[in-house]
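What follows is a single structure, written as structure tokens, with notes after it.
The values are calculated or read from the model by the stated rules, or taken from the named source; none is laboratory data. Only a predicted model underlies this, so the values are computations on that prediction, with no experimental measurement involved. Here the Cβ is made from the backbone with ideal geometry for all residues, glycine too, and neighbour counts use every protein chain on show.
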Amino acid sequence: MRFVTMKLCSEKVSNAQGNEEEIESSLENSETWEPKIEGFINYLVDSKLVFETLECIVEESEDVSYAYFRKTGLERAEVISKDLEWFSQQGCVIPNPRNPGASYAGDFGGACGQECSYVPVSLL
């Protein structure tokens, strides 16, 4: 990541024209990415779907290796649901899961009960 950051910074400096003060001023006033609440809510909605799917697969599986991941206290879907409920009470619109979250959850077997043939233990 440092390499990418340095490359972007170098491009900004090379594209800036004028004396040192003007260059520093243009770099300070350049647009920066600012997180938005809508993006965070989309992230939570997608994460909730993925965690619900994984938790359901682990809970319903008869595979012994998944038993170690049951009731560990690391379950996230319920906590994320509470967060989304709080945002809803604050007047935020809670969207449906977007394609990235639905697609990723679908890779694990989609809806609960449709267990996929293999979920790497490292992903649990």
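Of note, GLY18 does not satisfy the criterion of being of a type outside the set (Val, Ile, Thr), more than 30 Å from ASN99 (Cβ to Cβ), surrounded by fewer than 17 Cβ atoms within 10 Å (Cβ to Cβ) and modelled with pLDDT of 65 or more. Could you please let me know if TYR43 is surrounded by 15 or more Cβ atoms within 10 Å (Cβ to Cβ), out of contact with any strand residue (DSSP E or B) (no Cβ under 6 Å at 6 or more places or on another chain) and hydroxyl-bearing (Ser, Thr, Tyr)? Yes, satisfied. Name the residue that is surrounded by the fewest Cβ atoms within 10 Å (Cβ to Cβ), counting only residues in segment 74-93 that are over 16 Å from ILE41 (Cβ atoms) and at pLDDT 85 or above. Filtering segment 74-93 for residues that are over 16 Å from ILE41 (Cβ atoms) and at pLDDT 85 or above, the one surrounded by the fewest Cβ atoms within 10 Å (Cβ to Cβ) comes out as GLU78.
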